[in-house]
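The values are calculated or read from the model by the stated rules, or taken from the named source; none is laboratory data. Predicted, not measured: the structure shown is a model, and the values here were computed from it. All Cβ positions, glycine included, derive from the backbone under ideal geometry; neighbour counts span all protein chains shown. Note: areas computed on protein heavy atoms with side chains; ligands, DNA, RNA excluded. Shrake-Rupley method; radii C 1.70, N 1.55, O 1.52, S 1.80 Å.
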Amino acid sequence: VCYDIEKMYSSFAIPVESDIIKLVKNKVKKLNLNFRLVTSGGGSDANIFNDKGLTTLNLAVGMENVHSTDEKVKLENIYILAELIISLLKKDKS
């Protein structure tokens, strides 16, 4: 048996003390949501962006049964994530 191995993307780790994690944590708390950092071990566009120097986080939406024929996400979770993204894009009032 022969295998061809191709590296498709690099892993990444963002320090807990980083500005992007502080920003997201602050916005999440202002929206009265739970903040939790987890290691996914998967691959996404964030791997490519981070490899190119653009610090990027994946924001979870509470998917269930991921990558199965029973994959689903509650619509309410999509709305909550949209609210968080809008909050992240807005400039805080000083």
Exercise. Using θ = phi - 60° and the Karplus curve 6.51 cos²θ - 1.76 cosθ + 1.60, what whole-Hz ³J(HN,Hα) does each residue of region 81-87 get, with Gly and Pro shown as x?
Worked result: 5, 4, 4, 5, 4, 4, 4
Seminar exercise, completed: Rounded to one decimal in nm, the spacing of the 7 Å Cα→Cβ label points at K52 and K91 is 2.6 nm
Exercise. What is the diffusion coefficient of region 1-41 in µm²/s, taking the Kirkwood radius over Cα pairs and the Stokes-Einstein relation at 25 °C with a viscosity of 0.890 mPa s?
Worked result: 186 µm²/s
Exercise. Once Lys and Arg get +1 and Asp and Glu get -1 on their Cβ, which of S10, I20, N32 lies farthest toward the positive end of the dipole of the chain?
Worked result: N32
For this session: Could you state how much accessible area K25 has, in square angstrom rounded to the nearest 10, with a 1.4 Å probe and all protein chains kept in place?
Result: 90 Å²
Exercise. Residues of the chain: accessible area per residue at 1.4 Å, in Å²?
Worked result: 88 Å²
Problem set entry | At q = 0.13, 0.17, 0.25, 0.31 Å⁻¹, base-10 log of I(q)/I(0) for region 27-79 (Debye sum, equal scatterers on each alpha carbon) | -0.45, -0.75, -1.14, -1.19
Exercise. So what's the angle, to the nearest 10 degrees on a 0 to 90 scale, between helix 19-30 and the longest Cα principal axis of the chain?
Worked result: 50 degrees
Exercise. Over the heavy atoms of S40, what accessible area does a 1.4 Å probe trace out, to the nearest 10 Å²?
Worked result: 100 Å²
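Listed here are the pairs K25/K52; K27/K52; K27/K74; K7/K30; which of them are more than 31 Å apart at the Cα? Please list the in-between numbers first.
Working: K25/K52 24 Å; K27/K52 26 Å; K27/K74 21 Å; K7/K30 39 Å.
Beyond 31 Å: K7/K30.
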Seminar exercise, completed: Given 4 °C, 1.567 mPa s and a Kirkwood radius over Cα pairs, the Stokes-Einstein diffusion coefficient of the chain in µm²/s is 83 µm²/s
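Of all accessible surface on the chain at a 1.4 Å probe, what whole percent is carbon and sulfur? All intermediate terms of the calculation are to be shown ahead of the outcome.
Details: 4470 of 8290 Å².
Roughly 54 percent of what the probe reaches on the chain is carbon or sulfur.
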Seminar exercise, completed: Longest the chain segment clear of GluC sites (Glu not before Pro) sitting in DSSP loops (not H, G, I, E or B) with at most 15 other Cβ atoms within 10 Å runs 18-70
